[in-house]
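*Asks:* Can you read through this structure? Questions will come right after.
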Amino acid sequence: MNKFSPILLGLSLAVAGSSVAAAQQTVSLPKVLQITREFIKPYKGGAAHDKTESAFVATMTKAKFPAYYLGLDSLSGKSRALFLTEYDSFADWEKDNKLVDKNPSLSAELERASIADGELLENVDSGVFVRDDDLSYKPHADLTHARYMEISEFHVRAGHHKDWEKLTKMVKDAHDKAGTHAHWAAFEIAYGAPDGTYLVLSADDSMADIDRGYAEDKAFREAIGGDEGMKALDELFAATVDSSDSQLFAVNPKQSYVSPDWIKADPEFWAPKPAAKPAAAPMAKPAAAEKKTP
């Protein structure tokens with residue numbers, strides 16, 4: 001399948017100090033994360049893409065499919081939609097694939113939806129990632145009220161994994177000392193991208209969370225050792241990472257297939273009631289025919 005569920009948050013190391021306001025949960029995070037990217041043709045997003053994606057949501061809902069997915073729309077970079085799916089293991093992913101294979105009706109409906117959706121797309125790709133607890137920091141697992149997702153991608157130079165761990169520890173220790181609201185979940189590439197690729201994800205309930213992260217940057221810099229500490233961090237980063245990129249996405253409830261628990265937690269966002277149709281104007285009475293005089 002090309003789309004599935006969510007659950008993860010985090011904080012971009014590239015914007016040290018960015019934060020998430022959601023309360024910390026004890027729910028476990030996914031071990032395996034699949035991210036499908038759909039690159040949209042110019043001006044084919046918005047309502048047009050919502051319409052084709054709604055066919056997937058309707059199909060999955062009708063089938064009561066057990067795997068859920070979160071849809072995101074890009075607010076930066078190239079026009080694209082992301083679909084995040086989580087699994088506890090690769091074996092669980094295989095089970096879901098078999099459910100589709102054994103259901104001809106579901107397979108046919110998904111194929112029809114895919115053909116219609118494909119008319120709007122330039123390209124599609126997919127990556128599979130595995131969570132790294134040592135590189136994560138106070139991760140949360142509740143996205144029911146998330147409205148935005150920050151995703152940062154880092155590529156670590158070959159032979160520098162230990163430096164990457166050291167770099168992450170420096171950042172985590174500074175956040176501890178500064179008492180920021182930082183938290184993130186880190187994932188390492190398993191399939192679909194060059195070895196050494198890592199994703200760091202964070203969810204925001206509003207853009208005010210991003211503002212707060214920038215406001216905490218001063219405390220972070222002081223905690224890591226001021227100018228000297230930042231210089232050491234920058235030098236280690238330059239020696240360890242050969243590329244990095246951060247992008248911002250908006251959660252799209254119309255393109256997300258989420259669990260009943262999510263809908264119950266925030267029904268106005270995940271399952272809003274259709275707008276009431278305007279009342280029809282009363283029909284005008286036909287004019288009385290004029291009497292003809294003889």
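*Asks:* Kindly provide the pair-distance distribution of the range 118-215 built from C-alpha pairs, with 10 Å bins from 0 and whole-percent values in order of increasing distance.
*Replies:* Going from the shortest bin to the longest, the percentages are 13, 40, 33, 12, 2, 0.
*Asks:* Spelling out what I want: for every residue of the range 199-210, take phi, set θ = phi - 60°, compute 6.51 cos²θ - 1.76 cosθ + 1.60 (Karplus), and round to whole Hz; glycine and proline get x.
*Replies:* Rounded to whole hertz, the list is 10, 10, 10, 9, 10, 10, 6, 7, 6, 4, 5, 5.
*Asks:* If every alpha-carbon in the range 204-266 counts as one equal scatterer, what log10 I(q)/I(0) does Debye give at q = 0.12, 0.26 1/Å?
*Replies:* -0.58, -1.15
*Asks:* Please report Rg over Rh for the range 13-270, where both radii come from the alpha carbon positions and Rh follows the Kirkwood definition.
*Replies:* Rg/Rh: 0.98.
*Asks:* Compare the peptides 178-186, 214-222 by average per-residue count of other Cβ atoms within 10 angstrom and give them in order, highest first.
*Replies:* Order by mean packing, descending: 178-186, 214-222.
*Asks:* Is there a pair in 95/162; 78/177; 41/138; 95/169; 41/98; 78/254 whose C-alpha atoms are over 27 Å apart, and which pairs would that be?
*Replies:* Long pairs (Cα-Cα over 27 Å): 95/162; 78/177; 41/138; 95/169; 41/98.
No value in this document is a laboratory result; all are computed from the given coordinates. What you are looking at is a predicted structure, and each value in this text was computed from that prediction instead of being measured. Positions of Cβ are backbone-derived with ideal geometry, glycine not excepted, and every protein chain shown enters the neighbour counts.
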